[in-house]
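The structure under discussion appears below in the form of structure tokens.
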Amino acid sequence: MRRFLVLIVILMTLLFFIESNDRIGLTEYKPLVDITNIGDKYTLTWSPISYFAYYEVEILNQIPEKDQNFSIALPLHRIIKYRTFENSITINQNFPESAYLRVSAHSLFHHPLGSYSDFIPITKTGMNQDAMQTKPRSLIHYPTHAPASNFPMLMWTTLPGAVYYEIEFLSSPPENPNGLFPSRYQIFSSREVFTNGYSINLSTYPNDHLYWRVRALDYTGDPIGVFSDAAEVRIDHTLPPNLKPLSNTGYKTANMPVPLYPVFSWIPITGATSYEIELTSAPPENPNGVQPSRHRLRQQIVTMGSDYYDETPLGTPGTYYWRVRGLDENGTAVGVYSNAESFVVDRSPGKYAATLGDSITHGGGAISYSPADVEYSFQTYLSFPTINLGKSGDTSASMLSRFDADVLPYHPMFLIIMGGSNSLRGGVPGSQVIKELSAIRDKCLVHGIRPIFLTLPPINPQAIQQVFNEETIPEWQKEFAVVNHFIRQQRYHIDLEPYFTDGNQTLPLRYATDGLHLDIEGKKLMAQIINANWASVTQ
């Protein structure tokens with residue numbers, strides 16, 4: 001036994017000498033990484049080290065301010081870490097485009113070998129040319145064999161970060177395709193476009209064709225990318241008008257469960273000043289009509305915007321249908337109802353996990369996007385099924401008050417809880433928020449549900465004031481810190497806050513245009529942090 005221990009000591013000493021001797025060359029090793037990706041599938045390959053070692057692949061949400069060496073960990077920047085004995089790995093995750101990755105080698109004794117690879121931005125790992133040009137793409141076409149009536153409906157792909165759009169109608173193809181400036185052939189343009197579609201009245205337009213293109217704008221009105229390719233619209237003025245809104249609700253397309261509090265979205269039509277939403281229990285017997293369906297469960301008039309936040313929870317399993325029609329200022333129908341769109345309410349995903357919270361949980365972001373735009377929901381990017389029990393505008397008190405009615409019917413194994421931001425911004429002390437979160441925790445434990453708390457990301461009061469004209473209490477940082485300290489003391493929690501904090505301890509605008517609601521990048525980062533920590537809070 002003694003001889004065996006001596007041999008072990010000699011072997012470890014030899015390995016230490018090999019790994020630290022500059023002449024052997026291990027200290028000079030630096031991985032050279034090659035990356036390709038298709039969609040969310042990343043394949044990494046790097047130069048191997050001439051030694052028996054394993055490799056670590058780290059995904060970080062930002063580059064550290066100073067170059068870090070092996071002795072300094074990066075828990076505040078690292079989203080997730082992978083280990084492999086091969087000099088290649090394939091990762092299938094939807095990371096934020098602002099993320100970075102790097103590779104390093106380690107000995108079996110966890111001793112670092114050489115140095116990290118260079119930081120590599122996720123955005124430079126195989127994007128195609130169209131994606132790099134950041135231009136919308138037309139989704140509806142009107143060629144010669146299928147012309148439009150006097151009321152064409154136009155629709156295009158959304159661009160991440162776009163708050164609104166500028167659409168331009170032209171008499172001829174633009175002289176500056178995919179440019180940044182208006183064309184000299186412009187007939188009409190509008191910046192009052194807050195969704196990815198537009199309806200125009202061409203009844204007085206004398207010609208039988210025209211062209212249109214669109215570009216995305218940020219909150220300040222600066223372009224994001226370039227104008228789309230100009231699309232021709234052929235017009236037949238004799239065709240009967242077909243005025244009806246188009247559904248723009250993304251749950252069905254994304255194959256996502258509808259939230260307990262659904263949000264319905266549509267492309268508005270010209271001439272309408274308000275809209276009527278109809279929810280039915282069966283396909284309407286009068287498609288494209290103007291009269292209510294006999295299967296109507298409820299209806300709602302919407303006077304502003306092009307989406308509707310349903311205040312009534314829809315938790316009864318079954319298949320439902322919704323449609324919308326435009327109304328003029330006198331309440332008279334403008335055109336007809338949209339095509340009825342079906343959706344299914346299914347409680348089964350909620351048996352595993354559910355998410356409870358306010359608008360950050362409910363979804364939406366970039367000022368103009370609602371929870372119906374599923375790319376602005378962090379649940380879209382989770383690696384496990386969930387039911388969204390979030391409700392926009394919730395306080396910690398309202399989350400507690402609706403717990404029995406909204407959470408218990410699902411009885412999830414795990415409940416992801418994030419709430420209190422609205423309470424704290426409104427002046428509710430952190431101690432009161434803690435009482436309400438504690439009560440939610442206790443209800444979970446009584447009913448056999450594991451509560452998994454998320455720390456609160458900071459906010460950006462200056463952006464909130466600019467966008468919403470709302471004041472934030474001066475002591476908000478202190479109160480947020482009190483609540484987050486409580487959350488970090490809970491047995492099951494995931495710490496989001498450090499990843500969303502800038503040098504001023506506020507929320508960076510790259511994650512939330514309005515200083516409060518996380519945009520796509522923020523929702524992706526949020527989901528990936530949860531994914532990376534999910535095993536540790538569910539085992």
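Only the coordinates and a few stated rules stand behind these numbers; no lab work does. Here the structure is a predicted model, which is why all the values come from computation and not from measurement. Every residue, glycine among them, receives a Cβ derived from its backbone with ideal geometry; neighbour counts consider all protein chains shown.
In the chain, a dipole from Cβ-located charges (positive for Lys and Arg, negative for Asp and Glu) runs towards its positive end, and of 165, 251, 465 it is 251 whose Cα lies farthest in that direction. Measuring against 29 Å, Cα to Cα, the residue pairs 30/523; 443/478; 81/523; 41/135; 81/252; 81/135 contain 30/523; 81/252; 81/135 as the ones spanning a longer distance. With R₀ set to 25 Å, the beta-carbon distance separating residue 468 from residue 220 gives a calculated FRET efficiency near 0.95. Relative to the current alpha-carbon distance between residue 296 and residue 90, full extension at 0.36 nm per residue lengthens the span by 69.2 nm.
Taking 7 Å steps out from each Cα toward its Cβ at residue 41 and residue 189 produces label points 4.2 nm apart. Between residue 141 and residue 489, the simple label model (points 7 Å from Cα in the Cβ direction) yields a spacing of 6.3 nm.
Estimated from helices alone, the mean residue ellipticity of the chain at 222 nm is -5500 deg cm²/dmol (sum of -39500 (n - 2.57) over DSSP H runs with n ≥ 4, per residue).
Estimated at 0.36 nm per residue, the fully extended path between residue 175 and residue 413 surpasses their Cα-Cα distance by 79.7 nm. Among the chymotrypsin sites (Phe, Trp or Tyr not before Pro) in the stretch 285-392, those located in a DSSP loop and surrounded by at most 16 other Cβ atoms within 10 Å of their own Cβ are 352. Charged side chains reduced to their Cβ positions (Lys and Arg at +1, Asp and Glu at -1) give the chain a dipole of some 1540 debye around its Cα centre. Please work out the Cα center distance from the stretch 366-380 to the stretch 466-537, rounded to the nearest Å. If you average the Cα positions of each part, the centres end up 17 Å apart.
Rounded to whole Å, give me the distance from the Cα center of the stretch 430-452 to that of the stretch 239-291. Centre-to-centre distance over Cα atoms comes out at 38 Å.
Please give me the summed charge of the neighbours of residue 359: other residues whose Cβ is under 11 Å from its Cβ, Lys and Arg +1, Asp and Glu -1.
Within the 11 Å Cβ shell, the charges total -2.
Taking only the C-alpha atoms of the stretch 131-234, the Rg (one decimal) and the largest Cα-Cα distance, Dmax (whole number), read 13.0, 40 Å. This model, with +1 at the C-beta of Lys and Arg and -1 at the C-beta of Asp and Glu, gives the stretch 246-345 a dipole about its Cα centre of some 260 debye. Stretching the chain fully between residue 252 and residue 56 yields a gain of 66.8 nm (0.36 nm per residue, less the alpha carbon separation).
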